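Heads up, the thing below is written out as structure tokens.
The values are calculated or read from the model by the stated rules, or taken from the named source; none is laboratory data. Keep in mind it's a predicted model, so treat the numbers as computed, not measured. With ideal geometry, Cβ positions are generated from the backbone for all residues, glycine too; neighbour counts draw on all protein chains shown.
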Amino acid sequence: MKPAKVERMMDGKERDYVQHLFGKHISMGQVRYLRCAHLDVYERDRKGACFVDAVTGKRFFDCFSSAGCFNVGRGNERVKAALEDALARHDMGSHLLLSEHKVRFAERLASLCPGDLDKVVLCASGADACAGAIKLAKGATGRNDVITMNKAYHGHEGFSLSANGKDYYKELFLPLMPGFHVVEFNDLDAVRRVASENTAAVVLEPVQGEGGIHVATKEYMTGLRKLCDELGVMLIFDEVQTGFGRTGTMWAMEHYDVIPDIMFTAKSISGGLYPNGAVVYRAIEPLVSYVEKNPLFHDSHGGGSDLGCIVSQAVLDDIVENRLWENAAAMGARLKEGIQEIASKNRDCVKEVRGLGLMIGIEYVHEFIGALMAECLARQGVWAVYSGNAPQVMRFQVPITIGGHEVDDLLDRIRAAFDAMRWYLVLLMPLARIPFVGALLNNVHLQIWAFNLVRDLEEFVGKIMNRRGGA
Ligand SMILES: Cc1ncc(COP(=O)(O)O)c(C=O)c1O
């Protein structure tokens, strides 16, 4: 393999220019959002659980992992080599033709799924796989309704957008797909009340990621399986974030001994190096006949490309040979214990610490603390964001290759971020008790404006000090 090109550092002027261009051509809102939390960083060397900021050279722990893309570690060498080798010989391949790469990947993926989850539909992304799963359930059952969960996140388009459990994403685009019903997560009676002879599927994440790291209970999952069997409804699990070892087992469903009729996955399926996704469904009727009669019911040129399938095989080899789910379980326990210890000293602002494996969330008592903590963590070299559908919950989803010393280093940084946050909280916690002021503090637009103002002031003072120092 050729030695990797080292990406160059950037100076402050180049950073400002990239920000200017990003704002001009992509989104100034995004620049301001990141800048206010000191997260206007540029990923340079990406290795294992960390990356280095191209401007400051500072090392960051990647606790976001692009919402679960980097389970096998940033820039995994084995997966990179597989992609380079594939690129030397192939392109994406024609999506209509048979291909040994597609079939090898599908066979390997199915062999790692429990029970009779044996059949695969190749997809291009998580949202695409979500659409494939819902279409399969609707097409095979001939029913129209879909039950999804409050705060759920399944993607930003079509079926997946309709399946989301947060109005904010949906209200601008109404009407969406008909027949979607949102119910409370972990509430079996709520599903029972809505389910009917027209229900095609119940869709859920075993652990809600964007929803704020809510873990499904065993009784709920067992109850759902029984209810779906009784009503002929397809039970669908979204393992986009929870799959590939993240929660301490290969699939989160293994914690429950419950096998869905259909599951879909993406993200870490290809280690963050090439887009790929998949629906895996049980070899049962009416699913099998439906697909046999309609082999192109879900299709795209990028879904299950040869490149994606080759990369995904290397990812699966890496996970299985290194038994990475065991590391996620062990490191997850170590990290959670450390975070719980920190939380016990910050009871006034932390409501709960929860999670499975290396999918851990800290729920704060106010939404604004999520944004404040992101800023304090960034200063300590930790890239973490709050859950998209629950701003009061900070997520920790570091690559599952992380080692014990790194977990301890990360904990030191989280501890230091809490210590720094306490200074702000002395003022903000009493203010947050006043209802009107509390609402203002939780307003995202106001947060962005205020943090950017602080950042501008900091930079202004920094410039003056530099000038004085130079004079
Ligand atoms: C649980 C879950 N499902 C689906 C998706 C959509 O995946 P993608 O971004 O690949 O479309 C995401 C993305 O964050 C996700 O977290």
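Table for the structure above
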quantity: Residues being over 28 Å from residue 273 (Cα atoms) and acidic (Asp, Glu) - total across the stretch 286-311; calculated: 1
quantity: Options 437, 407: the member that is surrounded by fewer than 17 Cβ atoms within 10 Å (Cβ to Cβ) and in a helix (DSSP H, G or I); calculated: 437
quantity: Filter result (hydrophobic (A, V, I, L, M, F, W, C), part of a helix (DSSP H, G or I) and either touching a Gly at 6+ places or on another chain (Cβ under 7 Å) or surrounded by fewer than 21 Cβ atoms within 10 Å (Cβ to Cβ) (or both)) within the stretch 110-142; calculated: 110, 127, 129, 130, 131
quantity: Which numbered condition residue 282 fails, given (1) closer than 25 Å to residue 95 by Cβ; (2) of a type in the set (Lys, Arg); (3) out of contact with any strand residue (DSSP E or B) (no Cβ under 7 Å at 6 or more places or on another chain); calculated: (3)
quantity: Test: residue in the stretch 138-151 that is within 16 Å of the ligand (Cβ to nearest atom), without any contact (Cβ under 8 Å) to a residue 60 or more places away in the chain and closer than 27 Å to residue 230 by Cβ; calculated: yes
quantity: Among residues of the stretch 174-186, those that are surrounded by 14 or more Cβ atoms within 10 Å (Cβ to Cβ) and in contact with a strand residue (DSSP E or B) (Cβ under 9 Å, 6 or more places away or on another chain), counted; calculated: 8
quantity: Single match in 52, 79 (criterion: in contact with a Gly (Cβ under 9 Å, 6 or more places away or on another chain), at pLDDT 95 or above, over 17 Å from residue 396 (Cα atoms) and buried (at least 16 other Cβ atoms within 10 Å of the Cβ)); calculated: 79
quantity: Meets criteria (in the same structural domain as residue 221 (by TED's automatic domain parsing) and more than 25 Å from residue 225 (Cβ to Cβ)) for residue 277; calculated: no
quantity: Unique match (being surrounded by fewer than 18 Cβ atoms within 10 Å (Cβ to Cβ), away from the ligand (no atom under 11 Å from the Cβ) and without any contact (Cβ under 8 Å) to a residue 60 or more places away in the chain) among 218, 166; calculated: 218
quantity: Matching entry among 461, 437, 426 (being touching a Leu at 6+ places or on another chain (Cβ under 6 Å) and modelled with pLDDT of 85 or more); calculated: 437
quantity: Selected residue (only one of 45, 53, 91, 128 is away from the ligand (no atom under 16 Å from the Cβ), of a type in the set (Asp, Glu), touching a residue at least 12 places away in the same chain (Cβ under 8 Å) and out of contact with any Phe, Trp or Tyr (no Cβ under 8 Å at 6 or more places or on another chain)); calculated: 91
quantity: Test: residue in the stretch 292-299 that is within 24 Å of residue 108 (Cα to Cα), of a type outside the set (Phe, Trp, Tyr) and touching a helix residue (DSSP H, G or I) at 6+ places or on another chain (Cβ under 7 Å); calculated: yes
quantity: Helices (runs of 4 or more DSSP H) wholly inside the stretch 264-362 containing at least 3 residues that are more than 16 Å from the ligand (Cβ to nearest atom) and more than 24 Å from residue 80 (Cβ to Cβ); calculated: 287-293, 324-344
